[in-house]
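The values are calculated or read from the model by the stated rules, or taken from the named source; none is laboratory data. Remember, it's a predicted structure, so these values are computed and weren't measured experimentally. Neighbour counts are summed over all protein chains in view; Cβ atoms, including those assigned to glycine, are modelled from backbone coordinates with ideal geometry.
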Amino acid sequence: MSLDDTPFVQDFQTDDWNSLYDRNDRYDVYVNGDYVGMKKLFSGNETIDDINDFLTENGFSSYQAVCDGDYYRIYTNQYPEALKEILSFHLQSR
């Protein structure tokens, strides 16, 4: 196979990436209305619910999480600042 036989997309515009990119591959995450970061799903095995597993593993159990389109909203009265801090660190480290 030569380079001339390699298929490519003619006239591909940078704006076309938005149509190829599945917006459900990323979520803006909020805790009590405050933005804490973006959750990107890197593989087919990952889901937005992985955040719940992470929080449970780190001792958080008293919260409510709601997925609304590209937004993942977490509400809690128990240690909200600690939850924001650890979740923000987790989202940045990925």
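Summed over the range 44-86, the residues that are of a type in the set (Asp, Glu) and either more than 12 Å from residue 29 (Cβ to Cβ) or more than 13 Å from the chain's Cα centre (by Cα) (or both) give a count of 6. Of the strands (runs of 3 or more DSSP E) entirely within the chain, those holding at least 2 residues that are of a type in the set (Phe, Trp, Tyr) and modelled with pLDDT of 90 or more occupy 26-31, 71-75.
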